[in-house]
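What follows is a short report on a single structure.
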Amino acid sequence: MIAIIKYNAGNIRSVLNSLRRLGYDGLITDDRSEILAAEKVIFPGVGEAGTAMKYLKDRELDRLIISLKQPVLGICLGQQLLCRHSEEGDTDCLGIFDSRVCMFPLVDTVPHMGWNNFLSVRGPLFKDVSPDDDVYYVHSYYAEVCSSTTAVCDYILPFSAAMQKDNFFSTQFHPEKSAGTGEKILLNFLKL
Amino acid sequence: MLKRRIIPCLDIRDGRTVKGINFVSIRDAGDPVELAKIYAEQGADELVFLDITATIEKRKTLADLVERIALEINIPFTVGGGIHTLDDVSVLLGAGADKITINSAAVRDPGLIGGIARNFGSQCVVVAIDTKYHQNDWIVFIDGGRTPTRLRTLDWAKRAADLGAGEILLTSMNNDGTKSGFAIDITGDVSRHLGIPVIASGGAGTMEHFRDVFYSTGCSAALAASIFHYGEISIPDLKNYLKNNNIAVRI
């Protein structure tokens, strides 16, 4: 079973729909034992970092998430919350990735919205994915490139399109909304 | 590089796709879910579903249809028509829409924009503006283009952005349904003065029209309906054409 962590962030239903299209089932849950027992955990989210972290802390989901041993995939806000700190609401995050989340400088259209390719990709999530493939982004904050960065996207500046440390994986883009390329990346995670 | 987006728009009435020609005559062009799947497979970058009758008939949401669409397609989609309250938004996003679009309701109650942005994030608020060149200025019209307002288009677009809109969907009523090309001047003006993405809409008739609006304005996306629904232009052909004209698109 794939657990999708339920919290006060949008986009969770899309992830479940996407799993089902790929022939997997998922369970949207904030139940500790269900999350702990899951083969894999997806930590999705669209929303504001401060409110999301507060929600997780109030339910002690913050400590649960960082203790997980199975493969975990953070998506969009999920990736940002796995970083050390976010400028959005000056929020201390979960600290899996040693990266800061900053707002894009307003020298071009913000949010970064739409399809973009990669400067580089590496690691198991990107098996059979080319840097020229496009995936779908919607975000105004980005995670700085750090030692955990596995894919780099360039918009205004190079930022972490994906990250990995041990069993924690993440993408800034939305694989569940990224057509065939997104499905390939999700399947790579599901088959880990 | 960030790609320019091609967005087919499906106007919905009674659960079926329609396209208003200059907002008056209406022809039927099929099942929205089937069309949506075809467009997604063909390489559409996003889809927009507009319930064109919703505002007038005060009909509420398209939640059931949205749920069916969300199950089937793997690209982002926006839903609009008859959204007046945060509850309406909550239902549609809960059913699986990625973004919602508001038009007349935002003009009547600009606070709605900020309310949606604060509760669900700016990224999901698309403010649609119907604009018409009227007495030497581009003026905002509401109620499906029936009612003129006193708002200048650029002023309203800027205000919507300041209030928390994540994107502007700008439809030129002078061009809509004419197949004579997008309204380059107002689209360029709005794109130049806003820090958020602008979707050009109204007037697409040929592939050159898409090239021209992307060449001549800073718009992030171009939207069209009938030329796609009736197969006059196929999305793969359009994208290859744009790519050959050095416009960054997702192939």
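The values are calculated or read from the model by the stated rules, or taken from the named source; none is laboratory data. Keep in mind the model is a prediction, meaning the values are calculated, not measured. Quick reminder, even Gly has a Cβ in these numbers, built from the backbone with ideal geometry, and neighbours come from all protein chains shown. The protein model used for the area step is the full one, side chains on, heavy atoms only, and it has no ligands, DNA or RNA in it. Shrake-Rupley method; radii C 1.70, N 1.55, O 1.52, S 1.80 Å.
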inquiry  = Can you give me the solvent accessible area of A:Met1 with a 1.4 Å probe, rounded to the nearest 10 Å²?
reply    = 100
query = What relative contact order, as a whole-number percentage, does chain A give when Cα pairs under 8 Å and 6 or more residues apart are counted?
reply = 19
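If you take the beta carbon distance between A:Arg63 and B:Thr206 as r and set R0 to 56 Å, what does 1/(1 + (r/R0)^6) give as a FRET efficiency, to the nearest 0.05?
Working: r = 58 Å, r/R0 = 1.04.
So, using R0 = 56 Å, E works out to roughly 0.45.
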note = Expected field for A:Asp154, accessible surface area in Å² at 1.4 Å probe radius, rounded to 10, holds 70
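Rounded to the nearest 500 deg cm²/dmol, what is the calculated helix-only ellipticity per residue at 222 nm for the protein assembly as shown, with -39500 (n - 2.57) per DSSP H run of length n ≥ 4?
Working: 17 runs with 145 residues, N = 443.
Roughly -9000 deg cm²/dmol at 222 nm, from the helical runs in the protein assembly as shown.
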Charge tally in the Cβ shell below 11 Å around A:Lys6, where Lys, Arg are +1 and Asp, Glu are -1, A:Lys6 excluded = -1
query = So who's got an amide H within less than 5 Å of the one on B:Phe49, skipping anything under 5 residues away but keeping other chains? H placed 1.01 Å off N, in plane.
reply = B:Leu10, B:Thr78, B:Val79, B:Gly80
query = Taking the Cα centre of chain A as the origin, how large is its charge dipole in debye, to the nearest 20, when only Lys and Arg (+1) and Asp and Glu (-1) carry charge on their Cβ atoms?
reply = 520
remark   = Phi angles of segment B:66-75, converted by Karplus (6.51 cos²θ - 1.76 cosθ + 1.60, θ = phi - 60°) into ³J(HN,Hα) in whole Hz with x for Gly and Pro, give 4, 4, 5, 5, 4, 5, 9, 10, 10, 10
request  = From largest accessible area down, sort B:Ser220, B:Ser90; use a 1.4 Å probe on the protein chains.
outcome  = B:Ser90, B:Ser220
remark   = For the pair A:Glu87 and B:Arg152, the simple spin-label estimate (label points 7 Å beyond Cα toward Cβ) gives in nm 3.2
key: Note, ³J(HN,Hα) from phi for segment B:116-125, Karplus 6.51, -1.76, 1.60, rounded to Hz, x at Gly and Pro   = 5, 4, 5, 7, 10, x, 4, 4, 9, 9
request  = Scan around B:Arg13 for amide H atoms under 5 Å from its own, H built in the peptide plane at 1.01 Å from N, and keep only partners 5 or more places away or cross-chain.
outcome  = B:Val18
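For A:102-111, what's the mean count of beta carbons from other chains sitting within 10 Å of each residue's beta carbon? Could you put the intermediate results ahead of the total?
Working: counts 0, 0, 0, 0, 1, 1, 3, 10, 5, 8.
So the per-residue partner count for this stretch is 3.
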key: Amide H partners (placed H, <5 Å) of A:Asp98, local residues excluded   = A:Ser148
key: Under-18-angstrom lysine pairs by C-alpha in segment A:126-192, whenever the two are 8 or more apart or on separate chains   = 4
note = In terms of the alpha carbon gyration tensor, root eigenvalues a ≥ b ≥ c, rounded if a/c is under 1.5 and otherwise prolate when a/b exceeds b/c or oblate, the protein assembly as shown is prolate
key: Per-bin percent of Cα-Cα distances, chain B [10 Å]   = 8, 34, 40, 17, 1
Highest-fluctuation residue, A:Gly23, A:Gly180, A:Gly95 considered, GNM on chain A with Cα pairs under 10 Å = A:Gly23
inquiry  = Probe radius 1.4 Å, ligands and nucleic acids left out: can you give me the accessible area buried at the B-A interface, summed over both chains, in Å² to the nearest hundred?
reply    = 2200
remark   = The ³J(HN,Hα) series, computed from each phi in segment B:187-199 with the Karplus coefficients 6.51, -1.76 and 1.60 at θ = phi - 60°, rounded to the nearest Hz and given as x for glycine or proline, is 5, x, 4, 5, 4, 5, 9, 10, x, 10, x, 10, 9
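For segment B:5-244, what relative contact order do you get, as a whole percent, if you take Cα pairs closer than 8 Å and at least 6 residues apart?
Numbers: 507 pairs, mean separation 39.8, N = 240.
That works out to 17 percent.
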ask   = Excluding same-chain residues fewer than 8 positions from B:Lys132, which lysines have a Cα within less than 30 Å of its Cα?
value = B:Lys3, B:Lys19, B:Lys58, B:Lys60, B:Lys99, B:Lys158, B:Lys179, B:Lys239
remark   = Taking a straight Cα-to-Cα line shorter than 16 Å from A:Lys57, and setting aside same-chain aspartates and glutamates fewer than 8 residues away, one finds A:Asp30, A:Asp31, A:Glu48, A:Asp90, A:Asp92
